[in-house]
Amino acid sequence: MSDTPAVAYGDMAAVKDTWLSMEKRAGTYPFQRYDWVSAWFETVGRARAYSPVIVTITDDEGRVALFPLAARKRRGVSTLEWAGTGVSDYGAALVDDGFVVPTADIVRALRKIGSGVGCELLLLERIPGTVPYGANILVGSATPRMHVAAHYLNTPDDMEAYMEERFSSKSRYNLRRSERKLGGGAVPGFIVPRDSPERSRYLEAVITQKQRRYAETGDRDPFDDPAVTSFYHLADRTVAGAEVSGMVTEGTIVAA
């Protein structure tokens, strides 16, 4: 297929009915759901000046693939990338069962769309090899594999030496304190808060714990951007099925 039918929408509402229908009939991650992407555009997307570019590609039999994308200019370069960047674990399309378009034709169509909205670079990261509906339509010779696919931790024999090498004395003290709380007779309870104030409290606990880990490991803290925190609070209120939970010991949220 040399001229793949592709349409770009600059307004999520214009394709909302198709999108919601595809959520029901096409396997997808939560990161590609309409309400997740909508919350992202209202917070992170707005703060970072992203514009919606929602693309539908149709095969010869009328089956559709929907790509939730966003355009942005940064450091002098205009890019077309996944909507949800920065808060989504995976990037993928919503795809009708049986959809058949070669990967090279899909990439060509997306590049053409990008060029049409003034983007110089098509940047689609975090593409897994398989997705809920099967093989990822974006994985092929037209999308070469990156040199880094994942990270893992091989626990060393001498855990104390490992901890001393990577964590400050204060961090190690806090970890031992948490360990004593969990193992010192207090039985932790698993709580799923239902009312809004409690959900917000648990969500703040999640954010605080993540920020502490970023500080301990020296990694970049995405929550330095207030829009990211705003996204999670909005998603907690608007994304259907979103759930916050935690482990509580003696009234203290020790994990969330």
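Ranked by the mean number of other Cβ atoms within 10 Å per residue, highest first, peptides 31-42, 209-220 order as 31-42, 209-220. GNM on the chain, alpha-carbon springs under 10 angstrom: the most fluctuating residue among 108, 46, 180 is 180. Over the chain, the alpha carbon radius of gyration divided by the compact-protein estimate 2.2 N^0.38 Å works out to 1.18. Placing +1 on the Cβ of every Lys and Arg and -1 on the Cβ of every Asp and Glu, with no other charges, gives the chain a dipole of roughly 600 debye about its Cα centre. Each label point was placed 7 Å from the Cα along the Cα-to-Cβ direction; for residue 223 and residue 237 their separation is 1.9 nm. Taken along the Cα-to-beta-carbon direction at a fixed 7 Å, the label points for residue 196 and residue 208 span 2.2 nm.
Apply 1/(1 + (r/R0)^6) to the Cβ-Cβ distance of residue 166 and residue 115, taking R0 = 41 Å, and write down the FRET efficiency to the nearest 0.05. Numbers along the way, then the final one.
Numbers: r = 45 Å, r/R0 = 1.11.
For residue 166 and residue 115, the calculated efficiency is 0.35.
With R₀ set to 51 Å, the beta-carbon distance separating residue 216 from residue 73 gives a calculated FRET efficiency near 0.90.
Every number in this text was worked out from the coordinates using simple rules, so none of it is lab data. Since this is a predicted model, take the numbers as computed values, not measurements. Reconstructed Cβ throughout: ideal geometry from the backbone, glycine too, with neighbour counts over all protein chains shown.
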